[in-house]
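*Asks:* Just dropping this structure here.
The values are calculated or read from the model by the stated rules, or taken from the named source; none is laboratory data. None of the values given here were measured: they were computed from a predicted structure. Positions of Cβ are backbone-derived with ideal geometry, glycine not excepted, and every protein chain shown enters the neighbour counts. Just so you know, the surface numbers come from the protein's heavy atoms only, side chains and all, with ligands and any DNA or RNA stripped out. Shrake-Rupley method; radii C 1.70, N 1.55, O 1.52, S 1.80 Å.
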Amino acid sequence: MSKTTKKVRDKWRTKEWYSVYTPAYFGEQNVAGIPCEDPKKLIGRVVETTLYDITNDFSHQSIKLYFLVTSITGDRADTILKSHEYSTDYLRSLVRRGSTRVDGIFTGRTVDNYLTRVYIVGFSHGRINGSQEHGIRQVMGKIVAEKASKLTYSQLCHEMVLGKMGSDVYNEAKKVCPLRHIGVRKSKLLSMPLTLEGAEPKGKAAPEIIAPAPEIVAVSPEPAA
């Protein structure tokens, strides 16, 4: 009795390659290629790269970027910045014995109605007391709230990733106590003004700017040597 041979379908032959481009505020550069049989399935996909891959500046190698695919035109996939963060190794390298780490987490809505969460980290020269930590967090919250109320999401991303926001916080917070480093260690897009099928980040957030409480995270100083 003969058996019917089942024909195996080669799925790769049905797929086409799509080029993933960064948004205009990161130069519209091709950072990845994704094979897909249905372009609609690309909406909502996240592509990881580093700021170094975009700027070719070696000092930016420690900043990871995550781009969310929002639309497809031909074989081109356009994106927005979904989140960014310091690499684990870089964040660990900032820790020093005998200094205090200060963390602040804030949420802001931009003028074009994007809701984003901003994580700022600071490291002092030497130990600082609780009132100084509180003063630094107040500065962090003030700067985030001011920028979110005046900037578009693209402008805010530019300032968070390229260090302008961290520099502004540092220049204001150094009046409270001597600081070694302040920067936006992480950001996360919470919601967008237009719901794109499969592309809007999950989770709900409050509609107004929250700064600096109640989303403050206090980290205890590192133990002395």
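*Asks:* Roll a 1.4 angstrom probe over the protein heavy atoms and tell me the percent of accessible area of the stretch 1-147 that is carbon or sulfur. Intermediate results must be reported in sequence, preceding the final value.
*Replies:* On the way: 3890 of 8090 Å².
About 48 percent, which is the carbon plus sulfur part of the accessible surface.
*Asks:* Tally Lys and Arg at +1 and Asp and Glu at -1 over the other residues with C-beta under 14 Å from the C-beta of ILE54: what net charge comes out?
*Replies:* Details: positive: LYS64; negative: GLU28, GLU48, ASP53, ASP57.
Once all neighbours under 14 Å are counted, the net charge is -3.
*Asks:* Okay, next question. Just flag the trypsin sites (Lys or Arg not before Pro) in the stretch 55-142 sitting in loop per DSSP whose Cβ has no more than 10 other Cβ atoms within 10 Å.
*Replies:* Values: sites: LYS64, ARG76, LYS82, ARG92, ARG96, ARG97, ARG101, ARG109, ARG117, ARG127, ARG137, LYS142; in loops: ARG96, ARG97, ARG127.
Listed in order of number, the matching sites are ARG97.
*Asks:* Quick one, can you get me the convex hull of the C-alpha atoms of the stretch 76-118 expressed as volume per residue in Å³? Display every interim value, and only then the final one.
*Replies:* On the way: hull volume 4.3 nm³, N = 43.
Value for the stretch 76-118: 99 Å³ per residue.
*Asks:* Between LYS15 and CYS36, with labels modelled 7 Å along Cα→Cβ, what's the label distance in nm to one decimal, could you check?
*Replies:* 1.2 nm
*Asks:* With +1 on each Lys and Arg Cβ and -1 on each Asp and Glu Cβ, and nothing else charged, work out how big the dipole of the stretch 27-184 is about its Cα centre, in Debye to the nearest 20. The partial results should precede the final answer.
*Replies:* On the way: 21 positive and 17 negative charges, 169 e Å.
With only Lys, Arg, Asp and Glu charged at Cβ, the dipole is about 820 debye.
*Asks:* Taking a threshold of 28 Å on the Cα-Cα distance, which of the pairs LYS150/LYS175; LYS147/LYS175; LYS142/LYS186; LYS40/LYS164; LYS15/LYS186; LYS40/LYS188 fall above it?
*Replies:* Working: LYS150/LYS175 24 Å; LYS147/LYS175 20 Å; LYS142/LYS186 17 Å; LYS40/LYS164 36 Å; LYS15/LYS186 35 Å; LYS40/LYS188 24 Å.
The pairs that break the limit, which is 28 Å between Cα atoms, are LYS40/LYS164; LYS15/LYS186.
*Asks:* Under 17 Å from a point 7 Å along the Cα-to-Cβ line of TYR90: which residues of the stretch 139-160 have their amide N that close?
*Replies:* 157-160
*Asks:* Using Cα-only point scatterers and the Debye equation, what is log10 of I(q)/I(0) for the stretch 129-193 at each q in 0.12, 0.29 Å⁻¹, rounded to two decimals?
*Replies:* -0.32, -1.35
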